[in-house]
Structures are given as C-alpha cells and as structure tokens.
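Since the structure comes first, as structure tokens, the remarks are kept for the end.
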Amino acid sequence: MTDLLDRTDPQARGSREGRTARRAEILARLGEIEHHLGDPWDRHNPVGFAALLAADDAAELPAEALRRYHRLGINAEFVPADLGGRLAGLDALGLLLRPLFRRDVTLAVGGALTSFMASMMIWLNGDEAQQRRAADTLLDGGVMTIAFQQFAHGNDFVNDEFRAARTPAGTVMSGRKAAVNNAEHADLLVAFARTGPGSDDSSHTLLLTAPAELPAGRVRYTGRYRTDAVRGLRIAGLEFDDCPVPEDAVVGGWGRGIPLGLRAFPVTHATVPSMVLGLADTALRTATRFALEKGAFSRPVTEVPMARNALAGTFADLLVCDSLALAATRALHLVPEHSNVLSAVAKYLVPKLVGEALYHLSVVMGDAFHTRSGDHAIFQKHVRDLAMVTFGHVSSAVCQATIAPCLPGIAAAPWTAERAAPDALFRPYGPVPPIDAERLAGFGGEDGLCAYAVRAAAGGLRVEDGELGAVLREQAAVLLDELAEIRAAALELDSGDGQFTASVRAFPLTDRYALALAAVSCLGVWLNADAEHEAYSARPEWLALALDRLLRRLGRTTAPLPASVEAALCEEVLRRADEDRSYDLYDVRLAG
C-alpha cells in the first residue's frame, strides 16, 4: 500500500522550519492556481463568473475552465507523491481545491471531486498495479468516477444496484445505476457490487474497471440524469449486462467492499467540507461587494447593525468551519483512530453552518439574493449548488448515525491530558506523516478533543486582562460545563441492548456534541496560532465571536460581547474584500 505523502525528515516534522517550508510550498501552488484561473469577477475572463454562469444556464461543463484545470495539472494534487503526484496531506488538498469551489461547483465536482473520491478508494485499498494504473490515468489528464450513490435506497450504499458473480468463465457484472457522474467520460470506474446475501461485511466487492475496455454491447449508458443544481454535471445511467470483467478488477479481496469503503469514507468526509469553504468565501465576498458597490444602505455598512451582524457573523462562522475542517483533515494523518467520529462531525456540521450563513447574508443582499443575472448572480448559484455537493452520498442523518454509537464510549473514557489531541492537530501547514490505512480502518470511535478542552482550561488561557479576557474565560468555563452535560447524557444513552441510536435523545445529542467539538477546534487553532504567519488567528476577537455564536446555538448564554468585537470582524471583512484576501484561517491573496 502506497504512502499518501512523502515522508519528511523526522527531526523536521512539526518543527517551525518544517512548517515554514511546507507553508511556502502550499501557498506558491495556491497562488499559481489562482493566477491561471484569473479574476472571477472579470466579465472578459473566459473562466470568470459570467462564463461559468452561461455554462450553467446551458447545462454544460465549462470547457475553457476544464482546459485550464488540466493545464494546471490539478489531478496531481490528489495523486500520492511516490506515484508521481503532489499530494501533500489532506489538509493541504482541501485548501488547494478551494479556488475551484470558489468559482464553480460544477467545475470542482466534474473536474476534481469525483476523481478524488474514486482514487482514494484505490490509494487506500488497491494493490500496486491498481494504484499505478489509477495514477497514470489521472496524471495523463484522465477521469475516474465512482458508483455508490443511491437514489432508490435512501442513500444507503450497501444496497447498491450493481451485482457481480464468479462463474466458470470468470467474473461478470450486471445491474443498473440510475446516476453516475462522468459515467460516459470516465477512463476508470470504481464500483461497489453486491456479491453476497444480506448486508453484512462480506456482501459487497469493490471493483476497478475501464469501461472502454469491456466487451461491446455489455455496457450501456442510459441517458443523462438532469439536476436542478450543478446543472453542467455529466450524470448518466450505467448498466452492465452479464459483462465479463478482468480478474484483476477486484480491489482488496472478494467480499470486502463494505469495510474497504468505510475505510475511505472518513477521508472524503473530512476533506470535502474543507474544499466547500471556497464556495462560502465567494458568497460572503459577493454580499460584501454588493453592499459596498450598490450603496445598499444609506450609511456605511459598519454603521448598520443588521448588516454588520450578518457580515461579521458569517465571517466568524467560516472561521469556525475552517477550524473544524483543519482538525478533521489533519486527524486523518495524526490520530486516525479519531477520524471516523471527527470526520462525521465535519461532514455533518460544516454544510449546515455554511448553508445557514448563506441565508443569513440575505439581509445584506435583499432582492439580489435571488438574481439569476448580472454581477451578483453567482450568489444564488452557489446557494443552489451547496445542497447537492455537500449531501453527496451521505446525508446528515447518516453522519449522526455514525457519531451516536461512539458517544457512550467517548463519555466513558477518561478525559485526561494523556488522551488529549496533539497541538499539531490545530496548526496549519504543519508537516504530517503518511496516512496509516490500517489505523484508519480501526474505527476507534475515539475523541481527543474533549480531553484537549479540559487540558487547555487547566493550563489557563493566554488572554490579557480586561473585558474581552473576562468574556473568553467565561466562555471557556461554559464550554466545559456543556461538555460535562454532554458526557452525562451520553452515558445514559447506552442501555446495553445496542438500540440506543434509535433513541429520540441520540440525534439531538450528536448535534450538541458536534457544536462543542467545533468550539474546541476554534480554541485549539487560537492557542496554537503562529503570531508571525497567522496573525489574525492569534487575535482574541474572532474567537470570542465564534464561541459566542456556537454557545448560543447550544442554548447557552454568556456575558454580552463588547461592541468592539463585532465591529472589528466587520472591518476585517471589508479589509479582505478590498485587498482580495481569503475569508478563512489562511488570509491568502486571491485573484480579484
């Protein structure tokens, strides 16, 4: 099994020097991608918002954007380095694909995301020859797709419609899938096929095939599947008619499809939310530009309470999401035993917070929230597209069902300093070791973030005296009280009959738990911020507003924030709009 990242010098890993070097490399690549895609607001840019909206209206993939995607070699970003690619950790991948989501979800999904999800199944589970084949295909500009999304079976991939059987003549596939992205254009297909009865761990097999190399007439495409959002995606039905497939198509062993798939899901569940923050960046930027350019208010934006609250609050929510996404993606490398829970939390909460934030911005956008033409039409397109790309093959309920069974065990474990998540979990750009697929497959159901919060509070918070410092200390104390209540409630869930996930108390508790972990992630990012390179992350104002919003969502109240906090975040929103800086933890320069 190949490593998912070049191994760095062990002495440099986690050091300031290693972090600085990785930061420079990642930011240089991000700048290259932004530069070649150009200013999205430029109406003459063939890959700007005007052209992308026109392609969406025509229900087509944006051709010039795809050409630039391949000229930039973005497929290499999710191919392991020892196979010739550039994969530098899943935390970096989320950041590097934000420019695509910033511009167009159709481009991001049609060009990168589906191939990434398919290839991850091979990097984690395939043999050397299968990995080599997938890498060569992607590095040559090819396309991979994956067939596991369900429409007829409530998004439950173990009820997949493909079937495979061993016959005296070899392995054959049959069955039909109603909707597979890039089905007619994929060079390689990764598919789950039923190979046994029931729905246990041996009922499915994972297969890798090249549709163009299969016998003519045994593979059929059943017409394009139209969607209300991301309209340009080339989704089509795919049908196999007792089609022979090569014996080397089986990935990871016959009947092992479910455990192999579950091994890869935490990777995609953690990484996709990080990518989607590019979409949220454009939404906040569009609302800010609208307020400034159109004179939406008779006074400066900073003097209009509802506008100030919307802009500052949305910015704080994006920093919350980025903090959680950072912890989830870095956990894949650093503490993979925590990843099935933390990834599910990110997959559940980030789309929810981003969706709420977009609608919160309606108080700034007014009627322009719905416009389908002109300079601000990208806003409503991103609103439409968000639900489809974040739902994917796993719904919020599935994520909650992943978290709930782990809560009693997490609550019963000691929340001691020794069990706390490492500080490195919250440090952007810090070097990470390769993913250990076997540890990732362990489904430990562990959580070091609760213990981290306890340890951080015990060590004291590095805040200055004064009103804001007092607020932060109170917020930390309230967060600890909330974690204690979640712990007590989780211990009561386990009735010993294994049926507690069906309890009416289980799902609301997963929501509380997810919000609490997001708050701990923010605290971790703030405590570990590098004042030289992450100056804004080290400031207390964003943390105070982020914690205030999360605690209020949890039904908790703390002392009112000083008025200067919201004003400071609103001013930061305006500064980043004026200087074309990103609305995330990284505060990087963007193209226009």
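The table below gives the values:
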item: Which listed residue, of Ala325, Ala344, is under 19 Å from Val109 (Cβ atoms), touching a Ser or Thr at 6+ places or on another chain (Cβ under 6 Å) and hydrophobic (A, V, I, L, M, F, W, C); result: Ala325
item: Yes/no for Pro244 being modelled with pLDDT of 90 or more, more than 16 Å from Ser343 (Cα to Cα) and either surrounded by fewer than 24 Cβ atoms within 10 Å (Cβ to Cβ) or charged (D, E, K, R) (or both); result: yes
item: Subset of segment 562-592 [over 21 Å from Arg289 (Cα atoms) and either open to solvent by less than 40 Å² (accessible area, probe 1.4 Å) or under 24 Å from the mean Cα position of the chain (by Cα) (or both)]; result: Pro562, Val565
item: Helices (runs of 4 or more DSSP H) wholly inside segment 394-474 containing at least 1 residues that are of a type in the set (Phe, Trp, Tyr) and either touching a Leu at 6+ places or on another chain (Cβ under 7 Å) or surrounded by 17 or more Cβ atoms within 10 Å (Cβ to Cβ) (or both); result: 449-458
item: Identity of the residue in segment 525-541, within 22 Å of the chain's Cα centre (by Cα) and within 16 Å of Ala316 (Cβ to Cβ), that ends up surrounded by the fewest Cβ atoms within 10 Å (Cβ to Cβ); result: Ala529
item: Arg29 over 30 Å from Asn528 (Cα atoms) and either of a type outside the set (Lys, Arg) or at pLDDT 95 or above (or both); result: no
item: Selection from segment 76-117 of residues that are part of a loop (DSSP other than H, G, I, E, B) and open to solvent by 10 Å² or more (accessible area, probe 1.4 Å); result: Gly84, Gly85, Arg86, Ala88
item: Enumeration of residues in segment 525-547 that are part of a helix (DSSP H, G or I), within 17 Å of Val471 (Cα to Cα) and of a type outside the set (Phe, Trp, Tyr); result: Leu527, Pro540, Glu541, Leu543, Ala544, Leu545, Ala546, Leu547
item: Residue that is farthest from the chain's Cα centre (by Cα) [pool: residues in segment 325-365 that are more than 18 Å from Arg263 (Cα to Cα) and open to solvent by 20 Å² or more (accessible area, probe 1.4 Å)]; result: Val363
item: Selection count where residues are among the charged types (D, E, K, R) and out of contact with any helix residue (DSSP H, G or I) (no Cβ under 9 Å at 6 or more places or on another chain), scope segment 443-466; result: 1
item: Any chance Leu342 is modelled with pLDDT of 95 or more and assigned to a helix (DSSP H, G or I); result: yes
item: Within segment 26-71, tally of residues that are part of a helix (DSSP H, G or I) and of a type in the set (Asp, Glu); result: 5
item: Flag for Arg289 being closer than 30 Å to Leu585 by Cβ and either more than 25 Å from the chain's Cα centre (by Cα) or among the charged types (D, E, K, R) (or both); result: yes
item: In segment 1-19, residue modelled with the lowest pLDDT [restricted to those that are open to solvent by less than 60 Å² (accessible area, probe 1.4 Å) and outside any loop (DSSP other than H, G, I, E, B)]; result: Gly18
item: Any hit, segment 231-240, residues being farther than 27 Å from Ala108 by Cα and open to solvent by 30 Å² or more (accessible area, probe 1.4 Å); result: no
item: Qualifying positions in segment 432-467 - farther than 30 Å from Asp201 by Cβ and at pLDDT 90 or above; result: Ala451, Tyr452, Ala453, Val454, Arg455, Ala456
item: In segment 172-208, residue nearest to Ile122 (Cα to Cα) [restricted to those that are buried (at least 22 other Cβ atoms within 10 Å of the Cβ) and β-branched (Val, Ile, Thr)]; result: Val190
item: Residue match in segment 263-281 (condition: open to solvent by less than 10 Å² (accessible area, probe 1.4 Å), within 20 Å of Gly175 (Cα to Cα) and modelled with pLDDT of 95 or more); result: no
item: Number of the exception - Leu550 against (1) in a helix (DSSP H, G or I); (2) open to solvent by 10 Å² or more (accessible area, probe 1.4 Å); result: (2)
item: Test: Arg220 is open to solvent by 70 Å² or more (accessible area, probe 1.4 Å), closer than 30 Å to Asp57 by Cβ, in contact (Cβ under 8 Å) with a residue 12 or more places away in the chain and under 31 Å from the mean Cα position of the chain (by Cα); result: no
item: Qualifying residue in segment 186-196 (condition: within 30 Å of Pro99 (Cα to Cα) and not aliphatic (A, V, I, L, M)); result: yes
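The values are calculated or read from the model by the stated rules, or taken from the named source; none is laboratory data. Nothing here was measured: the structure is a model prediction, and the numbers come from that model. Counting neighbours? That spans all protein chains shown, and the Cβs are built from the backbone with ideal geometry, glycine included. Remember, those area values only see protein heavy atoms, side chains included, never the ligands or the DNA or RNA. Shrake-Rupley method; radii C 1.70, N 1.55, O 1.52, S 1.80 Å.
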